[in-house]
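So the structure is just underneath, and the comments pick up after that.
Please treat every number below as a calculation from the coordinates, not as lab data. These numbers come from a predicted model, not from an experiment. Cβ: placed from backbone, ideal geometry, glycine included. Neighbour counts: every protein chain shown.
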Amino acid sequence: MSKFNKVLFSIFLSFKIGMVFSQQTDNNLSIAPNPFTEKATIHFYIDKTDTISLNVYNILGVKVKTIYESEVLQSGPYENIILGESLEEGVYVVKLEIGSKSIAAKFIKISSVTTGLLNTDSKNELLVFPNPTSDLLQLPLKGPKTVVLTDLNGGIVKSFKTNQTVISLNELKSGEYILTVMNDAGQIWASQKIVKI
């Protein structure tokens, strides 16, 4: 990928961070589970025999894994497994190119998902309160951060950058979510299950 394309891809990703993403695109590309710890499966469907490329990029637009590169595949469904041990914690984009058409989906690799209140003596553990909450949630991490909330099916329902230690969840429906907090480099600080009442 040329330097110019990397810059364009990084700009594209920057605009997408903070926007609501769904786990499944309108064009038959999905990743499940999302976020994931050990492995995730990329699902896609090809309507007709065509030349495809399927690559994984980190948040900076650097290609970290090639699954298919200009290969001719028959029409039908395909599944490819990504092993968590091959990726660092962070946000990634899967880009599927079918002929001249390009489809992308975002996913998150985390080290573990925890529930409830956590011991703050350990690295990558987060103590948010109150949990459950009806609206405001306290994040005891100061400084710039990206907050990603996913439903339990892996769909990203809210993603935004903030310097605040209090966030509002008033627009979310009641239910259980996974809260993931990342630094500016896309590295995950912590993940925790939260309940919105």
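Counting pairs of alpha carbon atoms under 8 Å apart in space and at least six apart in sequence, what relative contact order in percent does region 136-196 give?
Computed value for region 136-196: 35 percent relative contact order.
Once you place label points 7 Å from the Cα toward the Cβ at S86 and T41, how far apart are they in nm?
Inter-label distance under the simple model: 1.7 nm.
Grab the beta carbon distance between L172 and F129, set R0 = 22 Å, and tell me the FRET efficiency rounded to 0.05.
0.85
In region 165-197, whose amide N lies under 16 Å from the spot 7 Å out along Cα-to-Cβ of L60? List them in ranges.
Residues 183-188 fall inside that zone.
Kindly provide the trypsin sites (Lys or Arg not before Pro) of region 127-197 that DSSP labels as loop, not H, G, I, E or B, and whose Cβ sees at most 10 other Cβ atoms within 10 Å. Display every interim value, and only then the final one.
On the way: sites: K142, K145, K158, K161, K173, K193, K196; in loops: K142, K173.
When the trypsin sites (Lys or Arg not before Pro) of region 127-197 are filtered for loop state and at most 10 Cβ neighbours within 10 Å, K142, K173 remain.
Taking the beta-carbon count within 10 Å as an exposure proxy, list F36, F107 from fewest neighbours to most.
F36, F107
Using DSSP to define loop residues, name the GluC sites (Glu not before Pro) in region 45-91 whose beta-carbon has at most 14 other beta-carbon atoms within 10 Å.
For GluC sites (Glu not before Pro) across region 45-91 that sit outside H, G, I, E and B with at most 14 neighbouring Cβ atoms in 10 Å, the list reads E88.
Could you give the alpha-carbon Rg of region 136-196 over 2.2 N^0.38 Å, rounded to two decimals?
Details: Rg = 10.9 Å, N = 61, 2.2 N^0.38 = 10.5 Å.
In units of the globular-protein estimate, region 136-196 measures up at 1.04.
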